[in-house]
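A quick write-up on the structure given underneath.
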Amino acid sequence: MSTEKIQQELGDVAIKIRQMHKWYGAFHVLKDINLDVHSGERIVVCGPSGSGKSTMIRCINRLEEHQKGDIIVDGVELTNDLKNIEAVRREVGMVFQHFNLFPHLTVLENCTLAPIWVRKVPKAEAEATAMQYLERVKIPEQALKYPGQLSGGQQQRVAIARSLCMSPKIMLFDEPTSALDPEMIKEVLDTMIELAQEGMTMICVTHEMGFAKTVANRVIFMDEGQIIEQNEPEEFFNNPQNERTQLFLSQILNH
Amino acid sequence: MPEQQYEPGTHPDLPPPFAASGPVKWVRENLFSSPTNIALTVLAMFFLYKIIPGMFAWTFTDATFVAADRNECRALNSGACWAFIAQRWELFTYGFYPETERWRVIITFVLFVATVILLLWEKCPGRQYRFIVGALFPMVALWLIVGGSSTEAALMAYAAALVVAYFVYQRFGHNLSARFWFSLLAFVLVAIGVYTLWTAMGWSMLEHVSTDKFGGFMLTLIIGVTGITLSLPLGILLALGRQSNLPIIKYACIGFIEFIRGVPLITLLFVASTMLSYFLPPGTNFDLLLRVLIMVTLFASAYMAEVIRGGLQAVPKGQTEAADAMGLKYGPAMRLIVLPQALKISIPGIVNTFIGLYKDSVLVIVIGLLDPLGIGQASLADTKWQGLSTEVYLFVAIFFFVSCYAMASYSRHLEDKLHTGHKR
């Protein structure tokens, strides 16, 4: 398909996944995934561990390769073509469970690296932008420190700022609060909520159901590599349809 | 004294108790902590008392520094006969480098020290020129040490071609590609022209010194420095190649590394000295020292590649994933993210390989190059000075120890400097 044709068909669909399958060796991890994400939509993906949530969102920026089906991100189809992959990655930011900050670079250098090398932004301009985003995540005073000198919550906020410095159209969050101490979860969630309120297209794998209720347009439940159920948060939590969803919700909500 | 009581939540930060710090504590904890420990300390002190004065006397107070031969040495004093080393000092330093040309080696050495300081000392003035100096030094050193018309012709041709090509690149052609090809053409033409002219006219600024005249510490330094500076980049390329997704590159690198590591260095040196002349077309005269340098570099780079591969594997996968997710291409991701971390982790191993290479340079003795050890052995054959092997070997050992310890110290300094997180 030509790029223009894809864009015509998509309308405001930011991510389109059609009949996507993935295997790890002989193990069928993702089975027939179909998903449309519209611009400005905030989607929360939940499900038991090993259900393929992370693998699915990692397919969206090709950290994992799918073997069957189509993934179209921001009008670009993900194939083996490196050009397409790089084009998608430029527009899609990702925040990881373990932050993955670069420990040998300062916080500021972490934030300016990709804009300078990928977007070819002049250094001074990249630094000014980075400081802006560091202020937004409320840690401008840490700019010259190294990641190893910050707390987990601060590191994750730097990671969010680092992604934002590339001015992405879509943000992927892969269990961003799972590696944090309880007292630090809130500061990261607050940052994410703020981002959601500004209209960022977000897909977030998380177990923070409070976050899902506050900001999500849609909650997706996955199990054994399939999307079992998806609905608006209110319906999803109060009136889950599938048996497995009910079981999962009862396990994580009543304890 | 009773402990002062504080309300819960108001306890201030206090300094540590006095007895928990200082040299007294160190001595008590490390030398006199138990009866066994006390006994061992006393025993060790006794041994040191017995050995050190004797060693000191042999090395300094009872030693002879000026004498004509061994017998005079023995007649004068009972200790070491440093007169031997003093007399052979120049041989140990320069080998058989012609006496009238030795000033060239001295200048090269001074330039070498200056370059090393400029490259390694972060606060050195003029550090912004370090890349230019670092690139120029090898050529200047080659010119100074080897000299001769053809070396000069090659260097002159290279330098002139570079300048002209740069000029052409700045002035001619309307687009990038045209400018590139114009400057490349200019480079080749000027290089060939200058080289032919220089050799045809037989111009020569410095007299040619054949590499088989090299020897002693000078030879060790040449082999060591060349091997060290070339094996690191080569090792990095091999390590990255071994991780490549392209099977041809991957298996070529694995094959190279495993072959070189599986063969003793001595064998490679013999190959360099004899067998290469069978493989090469007849009549090619391939300098023996150059062959040795190539072999030593390849040998060290195979080890280097494995050390760096260990470092690459120690960098968490999340680092490459984060770089990928930002859209960085392979080159910048490796250069800016993975390699700085991998090399930092590998510093102890890298320096270990450097030191190994440096000391292995004495093996060139088996193919007839006279390194300090070779000079020492040759000198011991002198009937006037027979039986002084302790002095010779100690002298050579001190030279190697000083240079290797300097490398080790710098590597520790580098590890501290590059340390960014909390120390573990």
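The values are calculated or read from the model by the stated rules, or taken from the named source; none is laboratory data. Computed from a prediction, not measured in an experiment: that's the story for all the values here. Cβ atoms come from the backbone with ideal geometry, glycine included; neighbour counts cover every protein chain shown. With ligands, DNA and RNA removed, areas are computed over all heavy atoms of the protein, side chains included. Shrake-Rupley method; radii C 1.70, N 1.55, O 1.52, S 1.80 Å.
Being at pLDDT below 85, surrounded by 10 or more Cβ atoms within 10 Å (Cβ to Cβ) and not polar (S, T, N, Q) is true for just one of B:R28, B:R88, B:R102. Which residue is that?
Working: B:R88 fails: at pLDDT below 85; B:R102 fails: at pLDDT below 85.
Result of the check over B:R28, B:R88, B:R102: B:R28.
Pairs linking a residue in segment B:181-192 that is in the same structural domain as B:A159 (by TED's automatic domain parsing) to a residue that is of a type in the set (F, W, Y), with Cβ atoms under 6 Å and 6 or more positions apart or on different chains, are B:F182/B:F172; B:S183/B:Y169.
Before we move on, is B:G327 within 14 Å of chain A (Cβ to nearest Cβ) and not in a helix (DSSP H, G or I)?
Details: within 14 Å of chain A (Cβ to nearest Cβ): yes; not in a helix (DSSP H, G or I): yes.
So B:G327 fits the description; yes.
Of the residues examined, B:P332 is one that is facing chain A (nearest Cβ under 10 Å), open to solvent by 10 Å² or more (accessible area, probe 1.4 Å) and over 23 Å from the mean Cα position of the chain (by Cα).
Here B:D382 fulfils each of the conditions (1) at pLDDT below 95; (2) within 14 Å of another protein chain (Cβ to nearest Cβ) apart from (2). Among residues of segment B:32-49 that are among the hydroxyl-bearing types (S, T, Y), those with a Cβ under 8 angstrom from a residue that is surrounded by 11 or more Cβ atoms within 10 Å (Cβ to Cβ), sequence gap 6+ or separate chain, pair up as B:T41/B:L31; B:T41/B:F32.
Which residues, counting only those in segment A:116-132, are assigned to a helix (DSSP H, G or I) and either more than 14 Å from chain B (Cβ to nearest Cβ) or surrounded by fewer than 15 Cβ atoms within 10 Å (Cβ to Cβ) (or both)? Before you say what the answer is, go through the steps one by one.
Keep residues of segment A:116-132 that are assigned to a helix (DSSP H, G or I), which gives A:116-117, A:123-132.
If the condition is that a residue be assigned to a helix (DSSP H, G or I) and either more than 14 Å from chain B (Cβ to nearest Cβ) or surrounded by fewer than 15 Cβ atoms within 10 Å (Cβ to Cβ) (or both), then A:K123, A:A124, A:E125, A:E127, A:A128, A:T129, A:M131, A:Q132 are the ones that fit.
For A:R89, the requirement of being closer than 18 Å to A:C165 by Cβ and under 17 Å from the mean Cα position of the chain (by Cα) is met. Candidates A:I252, A:I220: the one that is out of contact with any His (no Cβ under 6 Å at 6 or more places or on another chain) and not in a helix (DSSP H, G or I) is A:I220.
For segment A:49-74, a tally of residues being among the basic types (K, R) and free of Cβ contacts under 8 Å to residues at least 60 places away in the same chain returns 2. Of the helices (runs of 4 or more DSSP H) that lie entirely inside segment B:23-133, those containing 2 or more residues that are closer than 30 Å to B:D371 by Cβ span B:35-56, B:70-76, B:82-94, B:102-120. Consider segment A:167-200 and keep the residues that are open to solvent by less than 10 Å² (accessible area, probe 1.4 Å) and touching a residue at least 60 places away in the same chain (Cβ under 8 Å). The one that is nearest to the other protein chains (Cβ to nearest Cβ) is A:L172. Of all residues in segment A:92-108, those that are closer than 28 Å to A:S39 by Cα and within 8 Å of chain B (Cβ to nearest Cβ) have Cβ atoms under 9 Å from Cβ atoms of residues that are assigned to a helix (DSSP H, G or I) and of a type in the set (D, E), 6 or more apart or on another chain, in A:M94/B:E321; A:F96/B:E321; A:N100/B:E321. I'd like to check something: does segment B:140-162 contain any residue that is farther than 30 Å from B:A191 by Cβ and assigned to a loop (DSSP other than H, G, I, E, B)? No, segment B:140-162 has no match at all.
Counting residues in segment B:336-352 that are touching an Asp or Glu at 6+ places or on another chain (Cβ under 7 Å), on the phi > 0 side of the Ramachandran plot and within 14 Å of another protein chain (Cβ to nearest Cβ) gives zero. If you filter segment B:32-85 down to residues that are under 18 Å from B:F395 (Cβ atoms) and acidic (D, E), you find that the one that is surrounded by the fewest Cβ atoms within 10 Å (Cβ to Cβ) is B:D62. Evaluated against (1) at negative phi; (2) touching a residue at least 60 places away in the same chain (Cβ under 8 Å); (3) within 14 Å of chain B (Cβ to nearest Cβ); (4) out of contact with any Pro (no Cβ under 6 Å at 6 or more places or on another chain), A:N80 falls short on exactly one condition, (2). A:H207 falls short on exactly one of the conditions (1) over 30 Å from A:A87 (Cβ atoms); (2) open to solvent by 30 Å² or more (accessible area, probe 1.4 Å); (3) more than 16 Å from the chain's Cα centre (by Cα), and that condition is (3). No other residue among A:E183, A:E175 is over 25 Å from A:L108 (Cβ atoms), out of contact with any helix residue (DSSP H, G or I) (no Cβ under 6 Å at 6 or more places or on another chain) and at pLDDT below 90 apart from A:E183. The residues of segment A:138-156 that are assigned to a loop (DSSP other than H, G, I, E, B) and open to solvent by less than 30 Å² (accessible area, probe 1.4 Å), listed by number, are A:I139, A:A143, A:L150.
Would you pick out the residues in segment B:278-304 that are open to solvent by less than 40 Å² (accessible area, probe 1.4 Å) and either touching a Ser or Thr at 6+ places or on another chain (Cβ under 6 Å) or under 25 Å from A:L105 (Cα atoms) (or both)?
Going residue by residue through segment B:278-304, those that are open to solvent by less than 40 Å² (accessible area, probe 1.4 Å) are B:289, B:291-293, B:295-297, B:299-302, B:304.
Selection gives B:L289, B:L293, B:T297, B:A300, B:S301, B:M304.
Inside segment A:157-211, can you point out the residues that are within 22 Å of A:A126 (Cα to Cα) and part of a loop (DSSP other than H, G, I, E, B)? A:C165, A:M166, A:S167, A:P168, A:K169, A:E198, A:M200 - these are the residues of segment A:157-211 that are within 22 Å of A:A126 (Cα to Cα) and part of a loop (DSSP other than H, G, I, E, B). For segment B:365-377, residues that are under 18 Å from B:T211 (Cβ atoms) and either assigned to a helix (DSSP H, G or I) or outside the structural domain of B:L219 (by TED's automatic domain parsing) (or both) total 6. Which residues, counting only those in segment A:138-161, are within 11 Å of chain B (Cβ to nearest Cβ), out of contact with any Phe, Trp or Tyr (no Cβ under 8 Å at 6 or more places or on another chain) and not hydrophobic (A, V, I, L, M, F, W, C)? Passing the criteria: A:K145, A:Y146, A:G148, A:Q149. Elements of the type helices (runs of 4 or more DSSP H) sitting completely within segment B:224-316 and holding at least 1 residues that are in the same structural domain as B:L357 (by TED's automatic domain parsing), over 30 Å from A:F102 (Cβ atoms) and over 25 Å from the mean Cα position of the chain (by Cα): these cover B:247-261, B:276-279. Of everything in segment A:41-65 that's more than 14 Å from chain B (Cβ to nearest Cβ) and open to solvent by 20 Å² or more (accessible area, probe 1.4 Å), which residue is farthest from A:R244 (Cα to Cα)? Here the residue is A:E41.
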